[in-house]
1. What pairs can you find where one residue is in segment A:127-141 and facing chain B (nearest Cβ under 8 Å), the other is aromatic (F, W, Y) and surrounded by 14 or more Cβ atoms within 10 Å (Cβ to Cβ), and their Cβ atoms are less than 6 Å apart, with a gap of 6+ or different chains?
2. Which helices (runs of 4 or more DSSP H) does segment A:130-212 wholly contain that include 2 or more residues that are β-branched (V, I, T) and closer than 30 Å to A:A89 by Cβ?
3. Considering every residue within segment B:118-126, establish whether at least one is outside any helix (DSSP H, G or I) and of a type outside the set (S, T, Y).
4. All but one of (1) in a loop (DSSP other than H, G, I, E, B); (2) more than 23 Å from A:W107 (Cα to Cα) hold for A:A232, so report the exception by its number.
5. Could you say which residue among A:F112, A:F79 is touching a residue at least 24 places away in the same chain (Cβ under 8 Å), over 30 Å from B:L46 (Cα atoms), assigned to a helix (DSSP H, G or I) and of a type outside the set (D, E, K, R)?
6. Going by the conditions given, is B:V28 modelled with pLDDT of 90 or more and over 24 Å from B:F108 (Cα atoms)?
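The values are calculated or read from the model by the stated rules, or taken from the named source; none is laboratory data. Predicted model only: the values in this text are computed from it and were never measured. Neighbour counts are summed over all protein chains in view; Cβ atoms, including those assigned to glycine, are modelled from backbone coordinates with ideal geometry.
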Amino acid sequence: MRSRLLISLAGLMLVFCYFAITTNGTSVNSPGRGTRLTLESGSSEWTAFLASRKAVPLGTMLFEEGDNKGIGQSLVGFFGRLGDSTWSAGLHESRYAYDFIESIHVWTLCLFFGLAVMFDLRLLGWAMRDVPVAELARRLLPWTVAGFVIMVISGSLLFYAIPLRSFQSIFFRIKMIMLLLAGLNVLIFHSGIYQRVETWSLDAKPPRAARVAAAFSLVLWIGIVLSGRMIAYNWFDCDRQPQPAIVNFLTNCVPDGSGN
Amino acid sequence: MSLLALFHWFEQTAIGNTIRQSHWLFPVIEAVHLLGLGFVGGEVLLVDLGLLGLGMGRKSVAQLSKDVGPWLIGSLAVMFATGIPLFLSESIKCYYSFAFWVKMGALFSVILFTFTVQRRVIRMPTARPWQFRFTALVSLILWSAVGWGGRWIGFS
């Protein structure tokens with residue numbers, strides 16, 4: 001009962017957050033990648049430095065003030081400026097660093113996704129039926145945790161290298177939503193049926209609640225891998241118009257001259 | 001017929017043409033291929049970490065590898081079923097890709113190694129710890145080469 005309440009609450013929060021992000025405000029002058037600042041006559045060298053595209057210091061990436069912009073467009077502006085920072089551009093344009101980090105991200109898939117899936121298969125009673133669940137969990141957990149940490153670090157770097165495009169990617173958003181749901185699933189599993197694991201650890205086919213959690217986990221992680229792979233493709237990108245209105249709405253895209 | 005001519009022929013097959021002409025076939029097949037990688041990785045790591053004595057108890061490795069066996073074969077079948085069409089759609093590119101040949105070499109060695117040497121060592125009642133560790137290391141290094149090779153085909 002408690003877990004159902006938790007699920008519906010989290011679902012509502014998720015929907016709310018998404019629509020908070022997709023509010024585009026009323027008068028939008030779409031600051032895309034590279035906000036264009038016009039230099040006034042007689043400006044000092046300092047303002048010229050601030051206005052230059054590539055040399056925005058990390059500390060100046062504040063949320064833009066003024067103008068009636070929704071959260072979504074503020075974030076678009078924020079990630080646009082993040083992408084213009086020297087480190088981000090450097091990572092994006094480097095010959096090997098980006099490919100290298102991406103390889104690590106893919107390779108760690110085996111460590112994290114592979115082992116998590118093995119545990120799910122055991123919970124479903126589809127593999128290793130005579131290995132005690134508690135023992136398998138105890139032995140696999142350090143590896144999956146390590147894998148997850150590497151995944152988050154390498155994934156954040158990949159996002160940091162191409163922030164605006166990733167933020168506006170529909171696949172990235174699907175991936176993040178599923179990631180949150182998967183996290184919630186773990187929370188429910190560990191605070192619920194797993195508390196009594198000693199009573200069913202030896203069962204070839206664990207109780208229903210555990211099997212349901214495993215099924216959710218399996219489906220969500222598979223979805224995360226699939227949508228993660230699809231981020232690489234630009235079918236629904238903002239700079240490829242025309243797109244269906246719903247796609248532009250869901251990705252905070254204001255088609256008219258939005259940067260790039 | 002030279003090898004290059006053979007690869008030209010591969011590229012002209014109906015499957016290769018269909019995939020090349022579609023916008024979404026290649027990405028979808030590739031995504032499933034990636035999923036297969038995750039599954040294979042999990043199964044291989046489970047057994048190899050056990051053999052290294054990191055994680056799984058060594059006694060249970062024989063049982064573990066028997067349990068995981070069908071899943072490994074199933075995942076490999078998915079890898080081949082998706083990998084071959086991907087290859088057919090860009091065989092000329094693969095022919096000139098160093099990463100592709102590294103991957104193929106590592107792939108066939110590791111499959112051979114897993115189903116002959118490693119399987120025999122695991123089931124040997126008198127195997128020494130160093131034999132376990134050795135087969136696990138060889139398997140991990142070769143599988144890593146397969147994974148990296150595969151990723152780097154795409155970067156060229």
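1. Filtered contacts from segment A:127-141: A:A127/B:W71; A:L140/A:F119.
2. On the way: elements: A:133-161, A:163-167, A:170-191, A:197-200.
In segment A:130-212, A:133-161, A:170-191 are the helices (runs of 4 or more DSSP H) which contain 2 or more residues that are β-branched (V, I, T) and closer than 30 Å to A:A89 by Cβ.
3. For segment B:118-126, residues outside any helix (DSSP H, G or I) and of a type outside the set (S, T, Y): present.
4. With (1) in a loop (DSSP other than H, G, I, E, B); (2) more than 23 Å from A:W107 (Cα to Cα) applied to A:A232, the lone miss is (2).
5. On the way: A:F112 fails: over 30 Å from B:L46 (Cα atoms).
Result of the check over A:F112, A:F79: A:F79.
6. Values: modelled with pLDDT of 90 or more: yes; over 24 Å from B:F108 (Cα atoms): yes.
Yes: the conditions hold for B:V28.
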